[in-house]
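Here the structure comes first, spelled out in C-alpha cells, and everything after it is commentary.
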Amino acid sequence: MGIRIEVKGVWSPSERGIVISNHASYLDGLVLSAALSGELAFVAKKELKEQFFAGHFLKALGTIFVERANPEGGVEDTREALLAAQAGQTLVFFPEGTFTRAPGLLAFKLGAFVIAASQNLPILPVTLRGTRSILRGGQWFPRHGAVSMRVGMPISPEGTDFTAALRLRDSARAAMLVQCGEPEAAAPLQTEEP
C-alpha cells in the first residue's frame, strides 16, 4: 500500500511474551505483520472469521479466533490461546477488542493479561499511530499517510492470580495511553466495525 512505517524501540522475536497493541483501524494487523519479525499468532474475535477480506487474511496468518458472546465457547477459545502461549508462540492481542471511528483508547479486555499472568509471561506493549487516519472505520479506500509504531518496554506480571492480571492490564494500558497520542475513550455504544 506504500505506507511508510517508522519503528521506535527494539523488537526481539526470540523474546517470549504476549504482544498487545492499540486498535484503531483494519490496517493494524497488517502493520504489525509487516513490522514485527518472527512467527506471530494473532488472537481475534470470531466474528471476523467469516468476513470475506479480513477472514481470509486472518486465517492465512494462523489466527486464533475467540468467542466473546458465549462464555462456554470463550473458555475453550482461551484454552487454545493458553496452549499456544505454553508452546512458545508469540500471541498478539488487541485488548480493546474493537475499534471505533472516533479517536480514543478503549478499556482493555482481560484475556491477554490472564494468560500472561498465569504463564508468567511479560506483556510487550506496541503502540500504533496513524492507522486510524489512513483507514477509518466504515471506509473502504485508504488515504495517504504515515504510521509510527512504538515498541515499549516489557511489563512483567507480579504474580499469577487474577489480581496480578488486573494490575498487569492497568499498567499496560497506562503505558500505552501515554504513547498513543489519543485520549481515554468510553466504551463504544455501537461499534462501526462489522
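The values are calculated or read from the model by the stated rules, or taken from the named source; none is laboratory data. If you're wondering where the values come from, they're calculated on a predicted model, not measured in any experiment. Note that each Cβ is placed from the backbone with ideal geometry, even for glycine, and that neighbours are counted across all protein chains shown.
For the stretch 79-113, taking the residues that are over 22 Å from Ala164 (Cα atoms) and hydroxyl-bearing (Ser, Thr, Tyr), the one that is surrounded by the fewest Cβ atoms within 10 Å (Cβ to Cβ) is identified as Thr98.
Take the residues in the stretch 66-78 that are charged (D, E, K, R) and surrounded by fewer than 17 Cβ atoms within 10 Å (Cβ to Cβ), then tell me which one is modelled with the highest pLDDT. Once the filter is applied, the top-ranked residue is Glu67. Screening Thr100, Thr131 for residues that are at pLDDT 80 or above, within 22 Å of Met176 (Cα to Cα) and hydroxyl-bearing (Ser, Thr, Tyr) leaves exactly one candidate, Thr131. Only a single item in (1) over 20 Å from Gly181 (Cα atoms); (2) among the small types (Gly, Ala, Ser); (3) crowded, with 16+ Cβ neighbours inside 10 Å is not met by Ser14, and it is number (3).
Residues to consider are Ser25, Ser12; find the one that is farther than 21 Å from Ala84 by Cβ and in contact with a Gly (Cβ under 9 Å, 6 or more places away or on another chain). Quick ask: steps written out before the conclusion?
Numbers: Ser12 fails: farther than 21 Å from Ala84 by Cβ.
That would be Ser25, the only listed residue that is farther than 21 Å from Ala84 by Cβ and in contact with a Gly (Cβ under 9 Å, 6 or more places away or on another chain).
Against the condition at pLDDT 95 or above and either surrounded by fewer than 20 Cβ atoms within 10 Å (Cβ to Cβ) or not in a strand (DSSP E or B) (or both), how does Arg143 come out, does it pass? Spelling it out, it is not the case that Arg143 is at pLDDT 95 or above and either surrounded by fewer than 20 Cβ atoms within 10 Å (Cβ to Cβ) or not in a strand (DSSP E or B) (or both).
Quick grid of which residues meet (1) among the basic types (Lys, Arg); (2) more than 17 Å from Gly145 (Cβ to Cβ); (3) touching a helix residue (DSSP H, G or I) at 6+ places or on another chain (Cβ under 8 Å):
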| residue | (1), (2), (3) |
| --- | --- |
| Ile3 | no, no, yes |
| Ser12 | no, yes, no |
| Glu15 | no, yes, no |
| Ser21 | no, yes, yes |
| Leu48 | no, yes, yes |
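Among the residues of the stretch 119-130, count how many are outside any loop (DSSP other than H, G, I, E, B) and crowded, with 18+ Cβ neighbours inside 10 Å.
Start the filter on the stretch 119-130 by keeping residues that are outside any loop (DSSP other than H, G, I, E, B), which leaves 119, 123-129.
The next check asks that each one be crowded, with 18+ Cβ neighbours inside 10 Å; those that pass are 123-129.
Matching residues across the stretch 119-130 total 7.
Filter the stretch 90-106 down to the residues that are hydrophobic (A, V, I, L, M, F, W, C) and touching a helix residue (DSSP H, G or I) at 6+ places or on another chain (Cβ under 8 Å) and list them by number. Across the stretch 90-106, the qualifying residues are Leu91, Val92, Phe93, Phe94, Phe99, Leu105. Looking across the stretch 17-65 at every residue that is among the aromatic types (Phe, Trp, Tyr) and not in a strand (DSSP E or B), the one that is surrounded by the most Cβ atoms within 10 Å (Cβ to Cβ) is identified as Tyr26.
Give the residue that is modelled with the lowest pLDDT, with candidates limited to residues of the stretch 151-194 that are in contact with a strand residue (DSSP E or B) (Cβ under 6 Å, 6 or more places away or on another chain) and within 18 Å of Tyr26 (Cα to Cα). Selected residue: Glu182.
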